1. Could you tell me the largest-minus-smallest coordinate of the C-alpha atoms of segment 59-175 on each of the three principal axes, in descending order and whole angstroms?
2. In a Gaussian network model over the chain where Cα atoms closer than 10 Å are linked, find which of PRO177, PRO68, PRO109 has the largest mean-square fluctuation.
3. Identify which of ASP60, ASP126, ASP137 has the largest mean-square fluctuation in a Gaussian network model of the chain, with springs joining Cα atoms closer than 10 Å.
4. Magnitude of the Cβ-charge dipole of the chain, K/R +1 and D/E -1, about the Cα centre, nearest 20 debye?
5. Measuring from centroid to centroid over Cα atoms, what is the spacing of segment 192-210 and segment 2-61 in Å?
6. With +1 on each Lys and Arg Cβ and -1 on each Asp and Glu Cβ, how big is the dipole of segment 106-149 about its Cα centre, in debye rounded to the nearest 20?
7. For PHE49 and VAL26, what does the FRET efficiency come to when R0 = 22 Å and r is the distance between their Cβ atoms, rounded to the nearest 0.05?
8. How would segment 112-210 be classified by its alpha-carbon gyration tensor: rounded, prolate or oblate, with rounded meaning a/c under 1.5 and the a/b versus b/c comparison settling the rest?
Amino acid sequence: MNTPFTEILTSEAELRELLGYPSEVVKRKSIHHLDHNCRNFIAMSPLLFLSTADEHGSCDVSPRGDAPGSVVVLDDGHLVIPERPGNRRFDSLLNILANPNVGLIFIIPGLEETLRINGQAYVIRDEAILDRMKVRDKRPTLGIGVKVEECYMHCAKAFKRSQLWDSGSWPAEASLPSAPAIIADHVNSAEFTVEVVRQGIQESYEKRLY
């Protein structure tokens, strides 16, 4: 590999020698079903991150946001995420078709701990389930069903270090990156100016959220 790195770890033994082993609580906190705690956490979460990989191991992480309660828990071992309209790249769905292993992180605003769930995913179109996910009388065409294999709480260190929920640490709005400008730069076509891209994004937000 062509890499700038000169000291690369290649074994668990090296990793453990440097960083040690998990505590007894950490080793025992993982469960294999959706108990009442997980169900309540999912019901309160408006945002999750979905991690997938294709058959070659190329990875993707996609944010999925909706009103709290939009992720439906069917039973102790299964949940369903609605597939809302997007950019039609279908990165997550295509990955799931090739490799069903997924990882989820559920987030609740203001709470620094997160809920992590790992399992096997399916692209589904069960009408009875999708009917429960209607918004503005629009039912999602597809959903992502997940067979739960592992659930556990993740500590708050990342959120404490980043101060994500502390609005006093946020950058000034005027200094934020411009998504239309970045996209136009990456597309690199005279046809798609910053303004054209901005209008397209705004239209999708106004007309194609659901």
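1. Sorted largest first, the three principal extents are 45, 33, 26 Å.
2. Fluctuation is largest for PRO177.
3. Of ASP60, ASP126, ASP137, the most mobile in the Gaussian network model is ASP137.
4. Values: 23 positive and 29 negative charges, 113 e Å.
Computed charge dipole of the chain: roughly 540 debye.
5. So the two Cα centres are separated by 35 Å.
6. Working: 8 positive and 7 negative charges, 49 e Å.
It works out to roughly 240 debye.
7. On the way: r = 21 Å, r/R0 = 0.96.
That pair, PHE49 with VAL26, gives E of 0.55.
8. Numbers: a/c = 2.28, a/b = 1.17, b/c = 1.95.
Cα axes put segment 112-210 in the oblate bin.
The values are calculated or read from the model by the stated rules, or taken from the named source; none is laboratory data. What you see is a predicted model; the values in this text were computed from it and never measured. Note: ideal-geometry Cβ built from the backbone for every residue, glycine included; neighbour counts use all protein chains shown. The protein model used for the area step is the full one, side chains on, heavy atoms only, and it has no ligands, DNA or RNA in it. Shrake-Rupley method; radii C 1.70, N 1.55, O 1.52, S 1.80 Å.
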